[in-house]
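**Q** Here it is: the structure, laid out below.
The values are calculated or read from the model by the stated rules, or taken from the named source; none is laboratory data. Values in this document were obtained by computation on a predicted structure and should not be read as measured data. Counting neighbours? That spans all protein chains shown, and the Cβs are built from the backbone with ideal geometry, glycine included.
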Amino acid sequence: MQTKCVLYNDNYGVQRMQLALRQNGWVAGLRKIKRIMRENCWLHEQKRRSNGITKADSEAQKAENLIQ
């Protein structure tokens, strides 16, 4: 059962949380930290990345070929 989390932490991701815990003397794996953060709604949804496809602009002017 998935619940939508309203509360999240923008500053600490899983790796940064692991580093902070390690600096305070706690040792925990990334999977365990991720599970705990997900259960407590401390993770936010990851931003989608673009797929890198550039659409051609027919109105743009073509650059002159200066190398001839």
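**Q** Please find, among Arg49, Arg31, the residue that is in a helix (DSSP H, G or I) and loosely packed, with under 10 Cβ neighbours inside 10 Å.
**A** Result of the check over Arg49, Arg31: Arg31.
**Q** What about Asn9, is it surrounded by 10 or more Cβ atoms within 10 Å (Cβ to Cβ) and either outside any loop (DSSP other than H, G, I, E, B) or at pLDDT below 90 (or both)?
**A** Criteria met by Asn9.
**Q** Just to be sure I understand the filter: pairs with C-beta atoms under 8 Å, separated by 6 or more residues or on different chains, first member in the stretch 43-57 and free of Cβ contacts under 8 Å to residues at least 40 places away in the same chain, second member among the aliphatic types (A, V, I, L, M). Which pairs pass?
**A** Leu43/Val14; Leu43/Met37
**Q** Whether any residue in the stretch 49-66 is among the β-branched types (Val, Ile, Thr) and at pLDDT 85 or above is what I want to check.
**A** No, because not a single residue in the stretch 49-66 is among the β-branched types (Val, Ile, Thr) and at pLDDT 85 or above.
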